[in-house]
Amino acid sequence: MQENLGSNTPRDADAKPGAVIFTHSLLEGSNTFIKSHAEALARYRPIYAGAHRVRGMSLPEDRTFVVNDGSFLGWVREAMFRQFGVAPRLINALRREHVGVVHAHFGTSGPAGLAMARPLDVPLVVTFHGHDATMTEHEARKTHRGRELIRKKSTLIDGTAAFIAVSGYIRERLLEQGYPESKVLLHRNGIDLDYYSRTGDVPREPVVLFVGRFVEKKGARYLIEAAKLLKDTGVEFELVLIGNGPLEEGLKDAAARAGIQCRFTGFLPVAEVRHWLERARVVAVPSVIASDGDSEGLPTVLLEAQAMEVPIVATRHSGIPEGVQEGVTAELVDERDVRGLAESLRGFLSSAEKAESFGRAGRRFVAENFDLRKQVAGLEELYDRLRSSGRGGSRLRRTA
């Protein structure tokens, strides 16, 4: 991968201002929500910047810039960037792009984002998505980026114009950690309702669908235990788990021991996930607080499933209750409540009418509260306010 240094000619000052979308790794396959929000910007031009590229998803080559081009010197540059926040080639390339704002995704990308925003003299926005706001300090210190966030926290607070929390739960966690109330804003993600819209061409099947990484906080082991209870009582269904992660082999072993009809698909492209959402009778989101404190923000699959008219069975965890209507679009149980999961799943598997009723309500709920275009328009309004108030940011009202 060649490092894109852009044209030598500065971009027309009358063109849309650039919004630099920054993460250290561009762009992990599980981060499709970052790209979808960036590409939906209407008044800003999305520009992707990172320390290096990964095999995740395609990005526009003319709008993608990395410190490390994969060469030996690239790795040296990335090491300098990680250690000292110095990336002159990247900064010079971005200066030609008429940048108006830097938006770092995940708190651990914040310090590096600040090292970019300062020389560009533009506001920095940092979005916290989940684990970055909930992991214990002990666990955070096990990684370089975690240690950097802890070490540079006060500098980040002073230099960042706004911190975005994707759920009220995440906002409260940030306030508990000393992030200033005047800078911590609630702004939820949205989804593309045109894309996530049921065609009606695919019949529903007795499928319980899980979509997510195989890590502790996603709670897949409890879903497998619940599936065993359902099987033992004679309920016929297939459990489909889409994703990958470090716990995959253990989950496969657990499913085999349980003797349930279970399919592990591996990581799938967005279009294939959408196809499964159209087939499934119910989506399970059995998330839990992990042993290291890691928690969800607001899982995107909640919104995608409801938009596709699929009912939800989930736990009362983190921001999940904010993303559904309990008893209307979803049934919620306590974390690790295997029997409760099984009973709620049974209700949808045994009654197509109930599933359809919850599904229709889910579509209405997401359309009213999580439309991608509306949420991105709110994000652009935030960018505008920050640019007009100066890069340090002023006291900002909370947004929804």
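The values are calculated or read from the model by the stated rules, or taken from the named source; none is laboratory data. Small disclaimer: the values here were computed from a predicted structure and weren't measured. Cβ placement follows ideal geometry from the backbone for every residue including glycine, while neighbour counts extend to all protein chains displayed.
Yes or no, residue by residue, for (1) out of contact with any strand residue (DSSP E or B) (no Cβ under 8 Å at 6 or more places or on another chain); (2) within 25 Å of residue 344 (Cα to Cα):
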residue	(1), (2)
183	no, no
186	no, no
198	yes, yes
205	no, yes
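Within region 302-318, being crowded, with 24+ Cβ neighbours inside 10 Å and under 22 Å from residue 134 (Cβ atoms) holds for 302, 303, 312, 314, 315, 318.
Conditions tested, residue by residue: (1) at pLDDT below 95; (2) small (Gly, Ala, Ser).
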site: 328; (1), (2): no, no
site: 349; (1), (2): no, no
site: 360; (1), (2): no, no
site: 369; (1), (2): no, no
site: 375; (1), (2): no, no
site: 379; (1), (2): no, no
site: 386; (1), (2): no, no
site: 391; (1), (2): yes, no
site: 400; (1), (2): yes, yes
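Pairs meeting the criteria (first residue in region 73-85 and outside the structural domain of residue 148 (by TED's automatic domain parsing), second residue part of a helix (DSSP H, G or I) and at pLDDT below 90, beta carbons under 8 Å, at least 6 apart or on different chains) are lacking. Within region 289-313, the only residue that satisfies the criterion of being assigned to a loop (DSSP other than H, G, I, E, B), farther than 18 Å from residue 127 by Cβ and polar (S, T, N, Q) is 291.
When we screen 55, 43 for residues that are exposed (fewer than 15 other Cβ atoms within 10 Å of the Cβ), assigned by TED's automatic domain parsing to the domain that holds residue 121 and touching an Asp or Glu at 6+ places or on another chain (Cβ under 6 Å), the only hit is 43. Restricting 51, 38 to residues that are out of contact with any Leu (no Cβ under 6 Å at 6 or more places or on another chain), under 22 Å from residue 373 (Cα atoms) and either at pLDDT 95 or above or of a type in the set (A, V, I, L, M, F, W, C) (or both) narrows the list to 38.
In summary, strands (runs of 3 or more DSSP E) completely within region 120-218 and bearing 1 or more residues that are over 30 Å from residue 353 (Cβ atoms) occur at 124-128, 162-165, 184-186.
The number of residues in region 174-214 being of a type in the set (D, E, K, R) and more than 28 Å from residue 267 (Cβ to Cβ) comes to 3. For region 91-104, does any single residue satisfy the condition of being within 28 Å of residue 287 (Cα to Cα) and either assigned by TED's automatic domain parsing to the domain that holds residue 290 or modelled with pLDDT of 95 or more (or both)? Yes, that holds for at least one residue. Of all residues in region 341-366, those satisfying the criterion of being without any contact (Cβ under 8 Å) to a residue 40 or more places away in the chain and part of a helix (DSSP H, G or I) are 343, 344, 347, 353, 357, 361, 364. Within region 255-272, being among the hydrophobic types (A, V, I, L, M, F, W, C) and either closer than 20 Å to residue 215 by Cα or under 19 Å from the mean Cα position of the chain (by Cα) (or both) holds for 255, 256, 258, 262, 264, 267, 268, 270, 271. Tell me whether region 94-101 contains one or more residues that are over 22 Å from the mean Cα position of the chain (by Cα), in a strand (DSSP E or B) and either within 26 Å of residue 175 (Cβ to Cβ) or in contact (Cβ under 8 Å) with a residue 60 or more places away in the chain (or both). So far as region 94-101 goes, yes, one or more of its residues are over 22 Å from the mean Cα position of the chain (by Cα), in a strand (DSSP E or B) and either within 26 Å of residue 175 (Cβ to Cβ) or in contact (Cβ under 8 Å) with a residue 60 or more places away in the chain (or both). So is residue 336 more than 19 Å from the chain's Cα centre (by Cα), charged (D, E, K, R) and within 28 Å of residue 136 (Cβ to Cβ) or not? When the stated conditions are applied, residue 336 passes them.
Looking only at region 196-239, residues that are within 25 Å of residue 370 (Cα to Cα), of a type in the set (A, V, I, L, M, F, W, C) and modelled with pLDDT of 95 or more come to 4 in all.
Within region 368-376, not a single residue is buried (at least 24 other Cβ atoms within 10 Å of the Cβ) and assigned to a helix (DSSP H, G or I). Remark: residue 9 falls outside the filter, which requires a residue to be farther than 26 Å from residue 299 by Cβ, among the hydroxyl-bearing types (Ser, Thr, Tyr) and at pLDDT 95 or above.
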